[in-house]
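The values are calculated or read from the model by the stated rules, or taken from the named source; none is laboratory data. Because the structure is a prediction, the values reported are computed rather than measured. All Cβ positions, even for glycine, are placed from backbone atoms using ideal geometry, and neighbour counts span all protein chains on display. What goes into the accessible areas is simple: the full protein's heavy atoms, side chains included, and nothing from ligands, DNA or RNA. Shrake-Rupley method; radii C 1.70, N 1.55, O 1.52, S 1.80 Å.
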Amino acid sequence: NSLCCCKQKREIINRIIVATFSSHLLDATNGSHAANVDVIIYQVYESGEKKVFCETKSDEGGRILQEFELSEDDCKCDYEMVCKTGNYFSEKKIVSEINIKFKMEDQNKKYHIPIIISKNSYTVWWSK
């Protein structure tokens with residue numbers, strides 16, 4: 001899925017209530033997109049128990065786009081995105097994965113978390 005068609009796609013899907021989650025992984029070492037990075041999103045319950053909510057890979061443009069039909073209970077949970085960056089960098093690295101905790105409290109909202117990655121660090125921000 002490509003984000004460039006997201007708006008058109010979202011207009012069609014908005015008839016069904018869905019949350020859209022997206023991310024863009026950028027490689028700071030060479031200025032390219034971080035393609036084929038394994039990404040797992042866990043749903044984290046109040047008890048601390050985790051379950052896999054979604055498994056995917058970044059596309060050739062370093063992007064992830066997932067749409068979720070969230071229940072009211074889903075909106076009360078925390079989420080944790082784990083990006084397995086250790087396999088992406090072939091050289092010696094310190095950071096082997098990136099863990100980002102977030103919430104999806106609105107069933108009909110777009111959530112976008114861009115990440116700039118390198119072998120030894122990362123930067124993340126919340127984008128509206």
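Pick from region 24-60 the residues that are among the polar types (S, T, N, Q) and touching a residue at least 40 places away in the same chain (Cβ under 8 Å): which of them is farthest from Tyr79 (Cα to Cα)?
Ranking the candidates gives Thr29 first.
Can you name the residue in region 27-49 that is open to solvent by less than 50 Å² (accessible area, probe 1.4 Å) and hydrophobic (A, V, I, L, M, F, W, C) and is also farthest from the chain's Cα centre (by Cα) among such residues?
Among them, the one singled out is Val44.
If you take the residues in region 50-76 that are in a loop (DSSP other than H, G, I, E, B) and open to solvent by 70 Å² or more (accessible area, probe 1.4 Å), which one is farthest from Val18 (Cα to Cα)?
Ranking the qualifying residues of region 50-76, first place goes to Glu60.
Restricting to region 86-118, count the residues that are touching a residue at least 24 places away in the same chain (Cβ under 8 Å), assigned to a loop (DSSP other than H, G, I, E, B), more than 14 Å from Ser22 (Cα to Cα) and open to solvent by 80 Å² or more (accessible area, probe 1.4 Å).
4
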